[in-house]
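The values are calculated or read from the model by the stated rules, or taken from the named source; none is laboratory data. Please read these numbers as outputs of a predicted model, since none were measured by experiment. Cβ atoms come from the backbone with ideal geometry, glycine included; neighbour counts cover every protein chain shown. Surface areas here come from the heavy atoms of the whole protein model, side chains and all, with no ligands, DNA or RNA. Shrake-Rupley method; radii C 1.70, N 1.55, O 1.52, S 1.80 Å.
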Amino acid sequence: MLLLEIILYTIVIPCLAPAKVEFSGVRNLSVQELSDSLNEMGSPTWMQFDTARAVSVLSTISCIERVSVDKHFPDKVVIQISERTPVAKTIVVLNGRSTPIQIDKNGVLFTSNATSIITDSSIPLISGLPLERIQDGTRLPSRYRPLMEQISEISVLPQKYFVAISEIQIIPKEYGNYELVLYPTQMRVRVLTDRSLNEEALEYMMVVLDVVNSIEPNVEEIDLRYGSVSYRKHQ
């Protein structure tokens, strides 16, 4: 009897029974979606299961940042999924339709099933990005990635600054440079600033908005560039 059990667990199950695949770390994806993605591998046994191929297949899903696959004797395969965390969102045109898409701190554009992220006011909307050819997994040009890192650093602060900003517009300049235009949520005004986005800059902007609004409520544009403050009124 013991010999039969040894043969069963060391030879029969690993070689003949389909591998039992388990997923962990899943947040917005569904296990069914992930399983469907692995269907091209067929129904391999534990011995046949190709961990490198599974990593390669799942890594093509844009909202997955990292994948690790571990085989546990005699028949279990555990797949650890790390999904991308959005720090910003933008709108792109795909097949003639305006489509919301998310951006992580590394500048990777991706989609996911988390529709609440699109309406989450703490995740800023970015416009003005030069996104001519878009597909899942596209990475922003390198010059815009520091902005995503800055947004990521601000987003983890206790003060939710981006709730007070409805949009961040990128204005390309010569030689690959750019400036930013910020649109406060509760005011009909736009704020021009340079490409350095940090907590100090946002706190300064909030103070300037309060001061200018108390002096002249009919302001259309505030310019914080070049180390000075100027504003222009609605015509």
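Quick check on my filter: what residues within region 31-41 are touching a strand residue (DSSP E or B) at 6+ places or on another chain (Cβ under 9 Å) and surrounded by fewer than 17 Cβ atoms within 10 Å (Cβ to Cβ)?
Of everything in region 31-41, those that are touching a strand residue (DSSP E or B) at 6+ places or on another chain (Cβ under 9 Å) and surrounded by fewer than 17 Cβ atoms within 10 Å (Cβ to Cβ) turn out to be 31, 35.
Name the single residue that is surrounded by the most Cβ atoms within 10 Å (Cβ to Cβ) among those in region 97-132 being in a loop (DSSP other than H, G, I, E, B) and of a type in the set (Ser, Thr, Tyr).
My answer is 112.
Quick check on this structure: which one of 84, 53, 66 is open to solvent by 20 Å² or more (accessible area, probe 1.4 Å), more than 30 Å from residue 142 (Cβ to Cβ) and either among the basic types (Lys, Arg) or within 16 Å of the chain's Cα centre (by Cα) (or both)? Write out each step before concluding.
Numbers: 84 fails: more than 30 Å from residue 142 (Cβ to Cβ); 66 fails: more than 30 Å from residue 142 (Cβ to Cβ).
Going through 84, 53, 66 in turn, the sole match is 53.
Quick check on region 69-78: of everything there that is of a type in the set (D, E, K, R) and surrounded by 13 or more Cβ atoms within 10 Å (Cβ to Cβ), which residue is farthest from residue 105 (Cα to Cα)?
Applying the filter and picking the extreme gives 75.
Would you please list the contacts, defined by Cβ atoms under 8 Å and residues six or more apart or on different chains, that run from a residue in region 32-59 that is at pLDDT 90 or above to a residue that is among the hydroxyl-bearing types (Ser, Thr, Tyr) and assigned to a helix (DSSP H, G or I)?
Once the first residue is at pLDDT 90 or above and sits in region 32-59, its partners that are among the hydroxyl-bearing types (Ser, Thr, Tyr) and assigned to a helix (DSSP H, G or I) give 57/37; 58/37.
Mind checking whether some residue in region 143-155 is of a type in the set (Lys, Arg), assigned to a loop (DSSP other than H, G, I, E, B) and either more than 27 Å from residue 220 (Cβ to Cβ) or open to solvent by 60 Å² or more (accessible area, probe 1.4 Å) (or both)?
no
Is it fair to say residue 24 is open to solvent by 30 Å² or more (accessible area, probe 1.4 Å), farther than 24 Å from residue 118 by Cβ and under 16 Å from the mean Cα position of the chain (by Cα)?
Working: open to solvent by 30 Å² or more (accessible area, probe 1.4 Å): yes; farther than 24 Å from residue 118 by Cβ: yes; under 16 Å from the mean Cα position of the chain (by Cα): no.
So residue 24 does not fit the description; no.
For region 222-235, enumerate the residues that are surrounded by 12 or more Cβ atoms within 10 Å (Cβ to Cβ) and either hydroxyl-bearing (Ser, Thr, Tyr) or more than 16 Å from residue 186 (Cβ to Cβ) (or both).
223, 224, 225, 229, 230, 231, 232
Which number in (1) more than 30 Å from residue 63 (Cβ to Cβ); (2) open to solvent by 20 Å² or more (accessible area, probe 1.4 Å) marks the one condition that residue 209 misses?
Answer for residue 209: the failing condition is (2).
I need the full set of residues from region 180-190 which are outside any loop (DSSP other than H, G, I, E, B) and open to solvent by 30 Å² or more (accessible area, probe 1.4 Å), in order please. Spell out how you get there, then give the answer.
Quick first cut of region 180-190, residues outside any loop (DSSP other than H, G, I, E, B) only: 180-184, 190.
Residues satisfying the conditions are 183, 190.
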